[in-house]
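Asks: My questions all concern the structure below.
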Amino acid sequence: MAVKKKVRKVRMRAKTGLAAAPLDSFSKLRFYFHYEMDGKEISPIIKSWIKSEFSKEEAKAILKNPEYHFTMYAHFAACIYWSSLNLEVDDDYKKWPTIVKKYYSDLIEQGKSLLEADEDIAKTDQPSNVIKLNPHQRLLNKINSTIMDDIETLYDSWCDGEKGTLDLYSQFKKHGLSGSAVEPVRKELQFQLDEYRDAYTGSCEDAVEGWSHVNKPELKRRIKALDDMLTDLDKIKLAAKASRKTRMPKPRAADKQVANVKYAKENNEYKVVSILPIQIVGAMRLFVFNGKTREIIEYISSSTNGLEVKGTTILNVGEESRKTRLRKPEDFLSIVQSKTTRQIDNEWQKLTTKTSQPNGRLNLDCVLLRALDH
């Protein structure tokens, strides 16, 4: 009796990756891409679409950007894949082609900036493995390898069911990032926040459908987390502004300050001679005598840097400065030239003429009597 051979049934291997992607609705496809496809499978889909959708020069610039731009947003890849199969355009799908096109169009300028580094290499004799980046390019590279990596890790943890947050203020300090790094990070966070808000409020049917796998309490938590991160960015910006060094104007050299000053070198009537104008610069106190009006003027500096001169005007003149007309100039001028400031003040108090504030201007009638550093 012949023995029948047992027929071995060969099981078909379970479909995975794109082969297992559901094609009956775009929302299901997006859900599948979000949870079942990893970055290595998503990236080629997006990059291939970029090469076909944009010009050669634009595609080159876009693809120069960091890899996370092509692996982070699985729903972008889902939109591209759905379109490539020429499947029916449903309401859930309509919004996404425009969003995807705009997102990658916005990367063109940033990519061109990165490409300039490669062009600089070709123009120099540097070895091909040495890349000379400009400050903006170095900043982008640092952002992408530090804080954006932290944000991508946070997003991945949310997909795994974790409820973590990210203290951007601390992370910026940890990575040594300054206020100039805020805007590139803000752009990425705002994009994600807008999607969550649209889904939570129901203002966009596409967003509601796209994030239907996330319940409202979790959406609310993610919105708050992103709001807190954006607030951190505002604080970082303000802190950078507060700590920014104010550029103080350098004082002009003393000889240049007094180059055009007008004064009387000598007054023969009252027998007084001027000091050199250069002694005014930096002095805390200056006595001037106007031979025409017989006024004695005392300039007192309001600045720790002392008096300065601009043209024919004395600067940094404090409110304590004063002037008065002398009835007997010869007597008082000798006191000004030889006595201490206290003694001069005592004699000034004895004068009966009215005291007023000077305007700081010098002219050819003014004799520069004395400059003091106190």
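Asks: Does at least one position in the stretch 255-263 carry a residue that is touching a Cys at 6+ places or on another chain (Cβ under 9 Å) and within 14 Å of LEU362 (Cα to Cα)?
Replies: The answer is yes; a qualifying residue exists.
Asks: Looking only at the stretch 312-349, how many residues end up being crowded, with 16+ Cβ neighbours inside 10 Å, within 16 Å of GLY291 (Cα to Cα) and among the hydroxyl-bearing types (Ser, Thr, Tyr)?
Replies: Qualifying residue count, the stretch 312-349: 1.
Asks: In addition: So for the stretch 292-313 (the condition being farther than 24 Å from ALA253 by Cα, among the acidic types (Asp, Glu) and touching a residue at least 24 places away in the same chain (Cβ under 8 Å)), does at least one residue qualify?
Replies: Residues of the stretch 292-313 that are farther than 24 Å from ALA253 by Cα, as a first pass: 292-297.
Imposing the further condition that a residue be among the acidic types (Asp, Glu) reduces the set to 295.
Those left that are additionally touching a residue at least 24 places away in the same chain (Cβ under 8 Å): 295.
Within the stretch 292-313, one or more residues are farther than 24 Å from ALA253 by Cα, among the acidic types (Asp, Glu) and touching a residue at least 24 places away in the same chain (Cβ under 8 Å).
Asks: Within the stretch 237-256, is there a residue that is in contact with a Leu (Cβ under 8 Å, 6 or more places away or on another chain) and assigned by TED's automatic domain parsing to the domain that holds SER145?
Replies: no
Asks: Same structure again: Can you pull out every residue in the stretch 117-176 that is aliphatic (A, V, I, L, M) and either modelled with pLDDT of 85 or more or over 27 Å from the mean Cα position of the chain (by Cα) (or both)?
Replies: Across the stretch 117-176, the qualifying residues are ILE121, ALA122, VAL130, ILE143, ILE147, MET148, ILE151, LEU154, LEU166, LEU168.
Asks: Evaluate the following for LEU114: is it in a helix (DSSP H, G or I) and either surrounded by 12 or more Cβ atoms within 10 Å (Cβ to Cβ) or at pLDDT 85 or above (or both)?
Replies: Judged against the criteria, LEU114 is a match.
Asks: Right, here's the next one. State which residue pairs qualify: first residue without any contact (Cβ under 8 Å) to a residue 12 or more places away in the chain and inside the stretch 51-74, second residue of a type in the set (Lys, Arg) and assigned to a helix (DSSP H, G or I) in any location, beta carbons under 6 Å apart, and separation of 6 or more residues or different chains.
Replies: From residues that are without any contact (Cβ under 8 Å) to a residue 12 or more places away in the chain, the pairs are ALA59/LYS51.
Asks: So GLY306 passes all but one of these: (1) surrounded by 13 or more Cβ atoms within 10 Å (Cβ to Cβ); (2) in a helix (DSSP H, G or I). Which condition number does it fail?
Replies: (2)
Asks: Continuing with this model, one more query. Looking at LYS220, is it at pLDDT below 90, surrounded by fewer than 17 Cβ atoms within 10 Å (Cβ to Cβ) and in contact with a helix residue (DSSP H, G or I) (Cβ under 7 Å, 6 or more places away or on another chain)?
Replies: no
Asks: Regarding the stretch 46-66, can at least one residue be identified that is assigned by TED's automatic domain parsing to the domain that holds TRP211, surrounded by 12 or more Cβ atoms within 10 Å (Cβ to Cβ), over 23 Å from SER113 (Cα atoms) and at pLDDT 85 or above?
Replies: No, the stretch 46-66 has no match at all.
Asks: Enumerate the helices (runs of 4 or more DSSP H) found wholly within the stretch 142-214, keeping only those where 3 or more residues are touching a His at 6+ places or on another chain (Cβ under 7 Å).
Replies: Numbers: elements: 147-159, 168-175, 182-201, 205-210.
Hits in the stretch 142-214: none.
Asks: Kindly indicate which of ALA14, ALA20, ALA2 is within 26 Å of ALA207 (Cβ to Cβ), modelled with pLDDT under 80 and more than 44 Å from the chain's Cα centre (by Cα).
Replies: Going through ALA14, ALA20, ALA2 in turn, the sole match is ALA20.
Asks: Here are ASP255, ASP232, ASP227, ASP206: which of them is under 30 Å from HIS34 (Cα atoms), out of contact with any Asp or Glu (no Cβ under 8 Å at 6 or more places or on another chain) and of a type in the set (D, E, K, R)? Full working, then the answer.
Replies: Working: ASP255 fails: under 30 Å from HIS34 (Cα atoms); ASP232 fails: out of contact with any Asp or Glu (no Cβ under 8 Å at 6 or more places or on another chain); ASP206 fails: out of contact with any Asp or Glu (no Cβ under 8 Å at 6 or more places or on another chain).
Matching residue, one of ASP255, ASP232, ASP227, ASP206: ASP227.
The values are calculated or read from the model by the stated rules, or taken from the named source; none is laboratory data. What you see is a predicted model; the values in this text were computed from it and never measured. Note that each Cβ is placed from the backbone with ideal geometry, even for glycine, and that neighbours are counted across all protein chains shown.
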